[in-house]
Amino acid sequence: MSMLANILGFSLWGLAVRFGQLGIQRRPLFENMTGHAIAMGVFGYGGYWAWRWDQKSVQLIEQKKVEISERRKERVARMEAVAEKLGLEQATSEEH
């Protein structure tokens, strides 16, 4: 999801929360527009940080996948070396 869509979505959610708050208090919805702007700004900023966290988590997951793949390759190489060594030892013990 793009950054702009994330920020706008969270901002609109902030506006909906503000309307819900004023509705519960039975106050006029369009009396204080500054409060709406503040709620939208705060929630939009939260949307920006949610987008950044999503980007960072994708990067961390990709890094972990690479690390796991490298460890698996090393483990397979060690297992093949051990199997080869055991195979050679068995062949030499069968000759005697």
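Bear in mind that the values in this text are calculations on the coordinates, not laboratory data. Note that this is a predicted model, so its numbers are computed, not measured. Glycine also receives a Cβ, built like all others from the backbone with ideal geometry; neighbour counts cover every protein chain displayed.
Before moving on, here are some points about what is shown:
- Note on the range 18-41: residues that are in contact (Cβ under 8 Å) with a residue 24 or more places away in the chain and surrounded by fewer than 14 Cβ atoms within 10 Å (Cβ to Cβ) amount to 1.
- Checking each residue in the range 42-77 for being in contact (Cβ under 8 Å) with a residue 24 or more places away in the chain and either more than 22 Å from residue 3 (Cα to Cα) or over 20 Å from the mean Cα position of the chain (by Cα) (or both) picks out only 42.
- Meets criteria (part of a helix (DSSP H, G or I), without any contact (Cβ under 8 Å) to a residue 24 or more places away in the chain and out of contact with any strand residue (DSSP E or B) (no Cβ under 9 Å at 6 or more places or on another chain)) for residue 14: no
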